[in-house]
1. Using only DSSP helix segments of four residues or longer, with each worth -39500 (n - 2.57), what per-residue ellipticity at 222 nm results for the chain after dividing by its residue count and rounding to 500?
2. Shape verdict for the range 53-100, please, from the Cα gyration tensor: rounded (a/c under 1.5), prolate (a/b greater than b/c) or oblate.
3. Give the span of the range 1-102's Cα atoms along each principal axis, as three whole-Å numbers ordered largest to smallest.
4. What's the center-to-center distance, using Cα atoms, between the range 129-179 and the range 24-101 in Å?
5. When 118, 68 are ordered from fewest to most other Cβ atoms inside 10 Å of their Cβ, what list results?
6. For the peptides 70-81, 51-62, what is the packing order when you average, over each peptide's residues, the other Cβ atoms within 10 Å and list the highest mean first?
7. In Å, what is the Rg of the alpha-carbon atoms in the range 63-131, and how long is Dmax?
8. For the range 30-171, go through all pairs of different Cα atoms, get the mean of 1/r, take its inverse, and jot down that Kirkwood value in Å.
């Protein structure tokens, strides 16, 4: 696959959440909330852009399994969909993390806001870089110009390191060595 140009970093914030940290990413998409919702919840669509596979539709509350993929390596992580309010709000755990997807209709489509809460502040820029790559792929899928998903180490071939460094600077979070 040819390298994907992720473009410049997106509007981003990082906030303390008790003893944890919440990454906030914003992206405007030229598609209605219902179409974006389907990409966030339907297993077949998630498999085409997300860093994981879902064992069921995430559009309803309850337990699920999200399988991380990195080349040949996979890891099942427990998930619980806590809130599913189509097509505007999706909240679920992903292992120890909490993801909150907010979709707001705009004149030209949808304003997507992702709030990803995690334990380690130093990982916020890395997670932002990963989500940006994944969501670029999702946007291409929504646009009808799909490309293969970018997962795990493969992200390094698509500008992940530069995004990580740029988000580290933007958020004033020291760039730690990648693992």
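Each reported figure results from applying straightforward, stated rules to the coordinates on display, with no laboratory input. Since we're looking at a predicted model, the values are computed, not measured. Cβ atoms come from the backbone with ideal geometry, glycine included; neighbour counts cover every protein chain shown.
1. -7500 deg cm²/dmol
2. prolate
3. So the extents along the principal axes, rounded to whole Å, are 38, 35, 30.
4. 17
5. Numbers: 118 21, 68 17.
So the residues, fewest neighbours to most, are 68, 118.
6. Going by the mean number of other Cβ atoms within 10 Å, highest first, we get 51-62, 70-81.
7. Computed over the Cα atoms of the range 63-131, radius of gyration and Dmax are 13.8, 42 Å.
8. About 15.5 Å for the range 30-171.
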